[in-house]
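Since the structure comes first, as structure tokens, the remarks are kept for the end.
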């Protein structure tokens, strides 16, 4: 589904990504872990097209999407759930979800959207309770559920998740991770950037440890879980 | 009694104009924190074009009206592209204030050059009939401002609340980063806001020319009045803007009649300064700003 | 070496003076070189330079764009003309009154609107200009209505009456003086504080700089100068009318400033010369305003730094290599000690106590009942996963956010963190997660802004650069060098901060915070983006600081670094404190490992 080869990104003098390779299949979760500033978020932004790579190739389902704008990649089925939730605070929950559709709502799409809404509310009944509330009044966990659902409503083939556990209580984190697992089971390819390394590896098939802009370690989740170097790289020890 | 009623109606119709122009500021300010300081000159242009098309070009009234509004709307699209987009660099940037002021003086000076200082009133399809209420005589063409602006306001609210572009405008106003992440070009949305704002200015000017003589130098004071309305109400509060516009229109009519016309301007701007001091977010603004963690 | 550099700097200053005086001397010969027509133009340039030098302080230093200063000029002009024609007062007294009234009325619009900030203030100044114009047209008794006031007496000294030549020389002297004052201001704490506030209000406030005070000062100076130039113009011209002071004039004044280069001392001179001569050259009657609009547009598009700013940006990197070395000295222990506030309490006692702090953002509960005791003379680290609320806590302590609930005690005294600047004055300094250096200022000047509160120099003394001011400025330079030595900064200190590499930015930010002589220092991820070597330097620095009696609260993600430097570690997760203790204790605590890594199994495996 997703194949990244030799990806390089520079911001002026800063070399944020120095040749990164990632492979991801349909219905699979790949975890990307690493310390702050290692380049994880840049990787996601480059895939979506918010950041222009300086070198390397990104392919989606065999088609090159390198240097494509976010507008085009999202039409091809790439969705990003950003770090820090980024809800539309002054819009209602339903309106936030409608933003996920990214298309004009006509008579046909309206019914389709309502069906999608039902699915979302089935998955997160709490959002149903709060469907007419403004999003900034939601708790952190509910906001995370909202942005996850917002990304899912466009039925993406590839979902990019940036730190979905950020600032959430463990019980909520478990709920979110269970949902992520379900989404993969339903066939979505998921690239998961996460600081909770063990949590992420517990649902991912493969893991990539990014350090200082390049992949320091990679392998199957089980192998990584037992690798001492992982904790060291993750905690940013030099 | 009849004088009071007359003053109230003419105050209300002036207030309608203020509200219409101020809504134009609000539309763009909420979306990306900028506004066109030459909005007043755009209104003037709408009025001058209206008069030109209808009186000098002998085009039918409604055709002239549409043309004037459309041209001004499209002009604002160009202004956004040239004078706003490059200078829209976050809350502290003020270059766009200067660039749009520059646009305003260019528009005014060129209009003066082309049009000359002449001014004229476009005959309204309402004719010069009077409406008589309780002994007061009110021109229909003046009274008609109220329903026209009311209809525009309803349309605007419907657009804002119901249409997908309205949703996108609100979403961009709320969180531009998130809009970009959804793969929607926020530049495009800002441009739409500017076209709408320009349409409002064009409609305001065309409407205005049916009852008032629109001279080339009316743009600046009109734009400033409308900015005052926006500040009084809170720039991000459309309903408050309509209320503030009407209140200001009426108060001006009465102050001008019973106190003095020179005092009128000082009253308005003094009030604005006081409001900025006590309630910088506007009189009718209840919403607090949301700070991100 | 030091002497050599100081001597070369001295030569440069002397050269500047000589060039400046020579230019003034040549201009002073003007009346005997050119005819009346050109002398009039030169006189107008002088009038514009006086007003625009004030506006340059307002626009260039403070970042406030006023588009109503023609109104303030009008006040000076009308006030002095009215008094002199009606009561026959001398020019000298009415000019003074004109300046005072202009200041008062300028204050009347500035005081209420500075808080509301940039764009609002600009709009209000436009409205102000329009109202003044309107009032002048309508208030016959005072202003003579649309016809204006004529027959205004020329200034006199004894039996000498100023003719055009005399007025020209007078304006030349005044505008040179105004330029000198602007230059002095730029080299004082006030000027640096103005630029700091313009560039980064939050960082400036965290150094104890009050936005209102500096911006009001800028507005006041510009009002006085506008009033003065108005009065001079009126008495030289003998006639004034409202149309001299309309919106177009205000726009023209702004244009002069930005065309010349906002914030550049000589900018208004260049701008005024062009704006006065250009229409003469082009011989334009119509479309003059459109021309000004076009120029303004072109400047904003192609020359955002103005003519002087662009030239300077091109020249200074080529000139600086002659003055790039830094005086570097080894600090004696006493000298180093003098840099810090004396420790208030012996270490081991609490300096800061927080109780039950709550903070919500909408439905988001960012801090949940946070209680914390920080002991004096220690390094207290806050750790926890991203989004745990560490920075929010720091923002609440430093007064950037207000908490919804909770008690604070600083050195045993209850503390209400009202605003950043108020907290800074209590001896709490901070740095920010993302560098907030003042990019327009040099490295040295950045550190000097931190000293502004300590120096407390008067505005008048700063403008005139009195001997005492000179000394305190020297002392500030030395102290700042000493602070930069302390943090081990070895790069160019006269380089604009915008050109610093990232790691250096973080270090300079710490030096700037230290300049406020804090007893408590809050550091938000100082090591982020630093190289291993820089982190080592940082570690040594923190130890040194604690040695001088400072207390440090540190947010950091580099765990081995935290482990090495911290005396105490507090772990936050989803807005709650989940534990406080020694670094060894906390970083091996299963709850902490779970918070970070998100699984119980590892917690168990990490225990052995």
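Among the residues of segment B:131-150, those that are assigned to a helix (DSSP H, G or I) and either on the phi > 0 side of the Ramachandran plot or touching a residue at least 12 places away in the same chain (Cβ under 8 Å) (or both) comprise B:140, B:141, B:142, B:143, B:145, B:146, B:148, B:149.
The rows are residues; the columns are (1) surrounded by fewer than 16 Cβ atoms within 10 Å (Cβ to Cβ); (2) facing another protein chain (nearest Cβ under 7 Å).
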residue: C:121; (1), (2): no, no
residue: C:124; (1), (2): no, yes
residue: C:130; (1), (2): no, yes
residue: C:133; (1), (2): no, no
residue: C:136; (1), (2): no, no
residue: C:142; (1), (2): yes, no
residue: C:150; (1), (2): yes, no
residue: C:153; (1), (2): no, no
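Only a single item in (1) within 10 Å of chain B (Cβ to nearest Cβ); (2) assigned to a helix (DSSP H, G or I); (3) crowded, with 19+ Cβ neighbours inside 10 Å is not met by residue C:111, and it is number (3). Listed by first and then second residue, the pairs with beta-carbon distance under 8 Å, at least 6 apart or on different chains, first residue in segment B:156-172 and at the interface with chain A (Cβ under 9 Å from one of its Cβ atoms), second assigned to a helix (DSSP H, G or I) and surrounded by fewer than 18 Cβ atoms within 10 Å (Cβ to Cβ), are B:165/B:159; B:170/B:160. Of the residues in segment C:327-337, not one is at pLDDT 70 or above and in a loop (DSSP other than H, G, I, E, B). Residues in segment A:64-85 that are at positive phi and within 8 Å of chain B (Cβ to nearest Cβ): A:84 only. Just one residue in the set A:220, A:214, A:154 is more than 29 Å from residue C:383 (Cα to Cα) and at pLDDT below 90; that residue is A:154.
Counting residues in segment B:111-130 that are in a helix (DSSP H, G or I), within 15 Å of residue B:39 (Cα to Cα) and touching a helix residue (DSSP H, G or I) at 6+ places or on another chain (Cβ under 7 Å) gives one or more. Determine, yes or no, whether residue C:457 is assigned to a loop (DSSP other than H, G, I, E, B), at pLDDT below 90 and within 17 Å of the chain's Cα centre (by Cα). For residue C:457, the condition - assigned to a loop (DSSP other than H, G, I, E, B), at pLDDT below 90 and within 17 Å of the chain's Cα centre (by Cα) - is met. Within the option set C:340, C:301, being at pLDDT 85 or above and surrounded by fewer than 21 Cβ atoms within 10 Å (Cβ to Cβ) holds for one residue only, C:301. Taken over segment B:83-127, the criterion of being closer than 15 Å to residue B:194 by Cα and either loosely packed, with under 15 Cβ neighbours inside 10 Å or without any contact (Cβ under 8 Å) to a residue 12 or more places away in the chain (or both) is satisfied by B:86 alone. Only a single criterion out of (1) surrounded by fewer than 23 Cβ atoms within 10 Å (Cβ to Cβ); (2) under 15 Å from the mean Cα position of the chain (by Cα); (3) more than 12 Å from every other protein chain (Cβ to nearest Cβ); (4) in contact (Cβ under 8 Å) with a residue 40 or more places away in the chain is not satisfied by residue A:166, namely (3).
Inspect all residues belonging to segment C:119-140 and state whether any of them is assigned to a loop (DSSP other than H, G, I, E, B) and modelled with pLDDT under 90.
Taking segment C:119-140 as the starting set, the residues that turn out to be assigned to a loop (DSSP other than H, G, I, E, B) are C:139.
Next, from what is left, pick out any that are modelled with pLDDT under 90: C:139.
Yes.
Within segment A:42-55, the set of residues being more than 11 Å from every other protein chain (Cβ to nearest Cβ) and surrounded by 18 or more Cβ atoms within 10 Å (Cβ to Cβ) comprises A:42, A:43, A:46, A:47, A:51, A:53.
Table: residues versus (1) under 28 Å from residue B:237 (Cβ atoms); (2) under 18 Å from the mean Cα position of the chain (by Cα).
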| residue | (1), (2) |
| --- | --- |
| A:73 | no, yes |
| A:82 | no, yes |
| A:96 | yes, yes |
| A:112 | no, no |
| A:124 | no, no |
| A:148 | no, yes |
| A:157 | no, yes |
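When restricted to residues that are in contact with a strand residue (DSSP E or B) (Cβ under 7 Å, 6 or more places away or on another chain) and closer than 12 Å to residue A:8 by Cα, segment A:36-83 contains 13. Among A:88, A:136, which is within 14 Å of chain C (Cβ to nearest Cβ), buried (at least 19 other Cβ atoms within 10 Å of the Cβ) and closer than 25 Å to residue A:169 by Cβ? Of the residues listed, the single one that is within 14 Å of chain C (Cβ to nearest Cβ), buried (at least 19 other Cβ atoms within 10 Å of the Cβ) and closer than 25 Å to residue A:169 by Cβ is A:88.
Filtered by the rule that a residue be in contact (Cβ under 8 Å) with a residue 60 or more places away in the chain and assigned to a helix (DSSP H, G or I), segment C:403-422 gives C:420, C:421. In segment A:116-125 there is no residue that is crowded, with 20+ Cβ neighbours inside 10 Å, within 9 Å of chain B (Cβ to nearest Cβ) and either in contact (Cβ under 8 Å) with a residue 60 or more places away in the chain or part of a helix (DSSP H, G or I) (or both). Please verify whether segment B:198-205 includes one or more residues that are free of Cβ contacts under 8 Å to residues at least 40 places away in the same chain, in contact with a helix residue (DSSP H, G or I) (Cβ under 6 Å, 6 or more places away or on another chain), more than 10 Å from every other protein chain (Cβ to nearest Cβ) and in a helix (DSSP H, G or I). Within segment B:198-205, not a single residue is free of Cβ contacts under 8 Å to residues at least 40 places away in the same chain, in contact with a helix residue (DSSP H, G or I) (Cβ under 6 Å, 6 or more places away or on another chain), more than 10 Å from every other protein chain (Cβ to nearest Cβ) and in a helix (DSSP H, G or I).
Only a single criterion out of (1) modelled with pLDDT under 90; (2) more than 22 Å from residue A:198 (Cβ to Cβ); (3) part of a helix (DSSP H, G or I) is not satisfied by residue C:592, namely (2). Is it the case that some residue within segment C:220-242 is in contact (Cβ under 8 Å) with a residue 60 or more places away in the chain, within 14 Å of chain B (Cβ to nearest Cβ) and either over 21 Å from residue C:37 (Cβ atoms) or surrounded by 24 or more Cβ atoms within 10 Å (Cβ to Cβ) (or both)? Within segment C:220-242 (the criterion being in contact (Cβ under 8 Å) with a residue 60 or more places away in the chain, within 14 Å of chain B (Cβ to nearest Cβ) and either over 21 Å from residue C:37 (Cβ atoms) or surrounded by 24 or more Cβ atoms within 10 Å (Cβ to Cβ) (or both)), the answer is yes, since at least one residue qualifies.
Of note, residue B:186 satisfies the criterion of being within 14 Å of another protein chain (Cβ to nearest Cβ), surrounded by fewer than 24 Cβ atoms within 10 Å (Cβ to Cβ) and in contact with a helix residue (DSSP H, G or I) (Cβ under 9 Å, 6 or more places away or on another chain). The set of residues in segment C:209-219 that are buried (at least 24 other Cβ atoms within 10 Å of the Cβ) and not in a helix (DSSP H, G or I) contains only C:209.
The values are calculated or read from the model by the stated rules, or taken from the named source; none is laboratory data. For clarity, every value in this text was computed on a predicted model and none was experimentally measured. Here the Cβ is made from the backbone with ideal geometry for all residues, glycine too, and neighbour counts use every protein chain on show.
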